Every structure is written in C-alpha cells, then in structure tokens.
Amino acid sequence: MENIYSINFFYDLLYIMFIVGLVVFISLYFVDAGYGKMRTEKWGPAMSNKAGWFLMEAPVFLVVLYLYFKSLPLYDGVTANVPYWVFFLLFEFHYFQRSFIFPFLLKGKGKMPFAIMILSFIWNVINGYIQGFWLFHLAPQFYPDLYTPDWVTTPQFIIGTVIFVIGWCINMHSDYVIRTLRKPGDTNHYLPKKGLYKYVTSANYLGEITEWLGFAILTWSLAGLLFFWFSCCNLVPRSNAIYKKYEEEFPDEFDRKKLKRIIPFIY
C-alpha cells in the first residue's frame, strides 16, 4: 500500500491536528481571521471572495471523492455498503454546495486575503485525507465488522444523521438570511433577525458545527471527532469576533435582544 495510506502516518497526523485545533482556538481570541466582516489590509494581498471560497473548499470535495472511488475495487465492495454510501453522500453533498454553489451566490465584490485562502486550502486537503482515508480505507481494511449494513440501525447512525440534517438546514437557512439582508444597490449594514439569528449572531456557524457533531456521531470515529473539534476551534472564536462587531454597530438593538454568540441562551 502506498506511503500516503500508512496507518502510522494517519494517526500521527490526526493527533497533530487535534493540537493544531487548540492552537487555532486560542489564537483566534487574540487575532481576528481577516475575511468577511473582519477583513483588514494587514492580511496582505486579497482575491475575489467567490474565487477564494471555491479554491479553498473544492479540494476537500475532490480528495474524498478520489479516496472513495479508489477504495471500491480494493475491499471487495465493502465500501459500497449502505453506511459507507451515506457517509460519502452526506459529506460530499455538503461540500458540493460549499464549493460549487455557495461561492457563486455571494453578492458584491468582497475580497478574501490569499493567506486565508491558502491556510484553509491546506486544512481542507488534510481534513479530506483524514475523513476519506479513515472511512474508505482504514475502516474497511482493519475494522471490517464496524460499518456493516446493520450500522444503519444503530443509535449512532440514526441520531447522527438526524443531527447532521438539522445542522445542514440551519446552515442553509442562515446563509440565505445573510444573503438577503440587503436589496440590490443597498450598502447599509443590518443586524440579521430571522431564524436562529433571533438568538445568536452566528447562526450559520451554529448550523455548521451541528452538522459536524452529527457526522462525528454518525461515523463514531476519531476522524469525525477531529472535524467537529476543529470546526468548534475555528468557528467559536470567530463567532465571538462577529458578536463584538455587531455589538459596536447596533448597541441599542443588541442590548434589547440579549443575543448570544453561537449557542442559544448559553454563549
């Protein structure tokens, strides 16, 4: 088997990324990631938001696609079983939307720093490898009795799938609310108020971490847990920065609504 499929390399990388996630979590409470509302010139040269989102999200879709189809002839059709099929479709469904639809729905001429795009590109390649290699190579080779067709009847599969779908719906609706805040030609800033934005300022991030919590439960794996962990480490501090930005822009409305950052009624 090729070196990239080394089990030792996989687990070393997995544990390193857990630590990297912690570093990211701490760092983002001191340094705002310079894209979207937090973009500043200090992050250096920038590119089109649309191109940036496409270039940083598409790699994870392509890596997992490659690893899934490469696995099919290797493990006697094991990875064609229903659980593997569901893992693959849910993951790729999310990233197809994020790579090939979401960027082209963005309005305006916003910019994304090259540095942010490159860092996200690297994470997405690594994450695609970790998720795809675990699900479609390590699991069928070393744990062939784990994701059998009966896995679809387990509490993990059922609960995880439900949570994933709920998270996806929250994420999609929240993105729609943000996109429709302004009418064509309007350049004013508004506080989003629909959906879960009634309770938090980063409902889209709440949806995303809910998705990956569901995926971690659905796959019941360290790889899935890493994705949930890294999503929290990135998006929870980011939600704090957005909260402060909205608080500065809409102080009166903010006090009246008693909004939270990303978890309703809690944080």
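What follows is calculated from the coordinates using simple rules that are stated; it is not laboratory data. Only a predicted model underlies this, so the values are computations on that prediction, with no experimental measurement involved. Cβ sites come from the backbone with ideal geometry, for glycine too, and all protein chains shown count toward neighbours.
Points to keep in mind about this one:
- Helix 222-249 and the longest principal axis of the Cα set of the chain meet at an angle near 0°.
- Over 29 Å apart at the Cα level, from the set Lys42/Lys257; Lys183/Lys258; Lys70/Lys111; Lys107/Lys245; Lys111/Lys194; Lys42/Lys194, are Lys42/Lys257; Lys70/Lys111; Lys42/Lys194.
- Cα shape, region 1-132, gyration tensor, a/c 1.5 rule: oblate
- For region 69-99, the residues whose amide N sits under 17 Å from a probe point set 7 Å from the Cα of Arg179 along the beta carbon direction are 93-99.
- Cut-off 20 Å (backbone N to label point 7 Å along Cα→Cβ of Ile263), residues of region 187-213: 196-213
- Our summary gives the chain a relative contact order of 24 percent, counting only alpha carbon pairs under 8 angstrom and 6 or more residues apart.
- As a length-normalised measure over Cα pairs under 8 Å and 6 or more apart, the relative contact order of region 89-223 settles at 29 percent.
- Secondary-structure-derived ellipticity at 222 nm for the chain, considering helices only, amounts to -20500 deg cm²/dmol, per-run term -39500 (n - 2.57) for DSSP H runs with n ≥ 4.
- Sorted from longest to shortest, the spans of the Cα atoms of the chain along the three principal axes equal 61, 40, 34 Å.
- Of all aspartates and glutamates in the structure, those lying under 18 Å Cα to Cα from Lys50, and not within fewer than 8 positions of it along the same chain, are Asp175.
- Förster radius 41 Å - calculated FRET efficiency between Arg256 and Phe100, Cβ distance, rounded to 0.05: 0.55
- Packing, taken as the mean count of other beta carbons within 10 Å per residue, orders the peptides 11-20, 84-93 from highest to lowest as 84-93, 11-20.
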